[in-house]
Amino acid sequence: MSILERGITYIADRGYFSFDLAAKIEEARAFFIFRIKNNLKLGRILELNPSCVQGSQWPPCFTQLSDQGIRFEIDENENTFRLICFVVLQSQFRICTNRLDLTTLQVIIS
């Protein structure tokens, strides 16, 4: 029996992310939005969608904003994730998710 529920989005901060947990969440047909550590080694960038991060909707404190598909070097499951990176007032943030249906801003404010 799994405590993960289909269709639920699980949100957590940096210390909770693991590739095994992400795979289990996807296996349960659920979703996740996790902030990840800045030192996690990135693998191959699969796509870059600059149109979703451009425009006047962003407050001026947001800089270096990117939204891309990624595979991490050390993920034995070789899953593809969405990685949103940005800087706010000199603090760097990285958010990993499997929610492809949300806008960049919706993921960030979750």
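Scan segment 8-22 for residues that are within 16 Å of residue 99 (Cβ to Cβ) and either in contact with a helix residue (DSSP H, G or I) (Cβ under 7 Å, 6 or more places away or on another chain) or not in a strand (DSSP E or B) (or both) and jot them down. Let's see the steps before the verdict.
Of the residues in segment 8-22, the ones within 16 Å of residue 99 (Cβ to Cβ) are 8-12, 17, 21-22.
Passing the criteria: 8, 10, 17, 21, 22.
Which members of segment 65-104 meet the condition of being exposed (fewer than 15 other Cβ atoms within 10 Å of the Cβ), in contact (Cβ under 8 Å) with a residue 24 or more places away in the chain and either among the acidic types (Asp, Glu) or not in a loop (DSSP other than H, G, I, E, B) (or both)?
Across segment 65-104, the qualifying residues are 73, 76, 87, 88, 92.
For segment 69-76, indicate whether the set of residues that are over 16 Å from residue 41 (Cα atoms) and of a type in the set (Asp, Glu) is non-empty.
There is no residue in segment 69-76 that is over 16 Å from residue 41 (Cα atoms) and of a type in the set (Asp, Glu).
How many residues does segment 28-47 hold that are under 13 Å from residue 93 (Cβ atoms) and touching a residue at least 60 places away in the same chain (Cβ under 8 Å)?
Total meeting the criteria: 4.
How do the pairs read when you match residues in segment 9-27 that are within 14 Å of residue 80 (Cα to Cα) with residues anywhere that are among the hydroxyl-bearing types (Ser, Thr, Tyr) and open to solvent by less than 90 Å² (accessible area, probe 1.4 Å), using Cβ under 7 Å and keeping only pairs 6 or more apart or on different chains?
Sorted first by the residue in segment 9-27, then by its partner, the pairs are 25/10.
The values are calculated or read from the model by the stated rules, or taken from the named source; none is laboratory data. Not measured: the values here are computed from a predicted model. When we count neighbours, we look across all protein chains shown, and the Cβ atoms used for this are built from the backbone with ideal geometry, even at glycine. We work out accessible area using only protein heavy atoms, side chains counted, and drop any ligands, DNA or RNA first. Shrake-Rupley method; radii C 1.70, N 1.55, O 1.52, S 1.80 Å.
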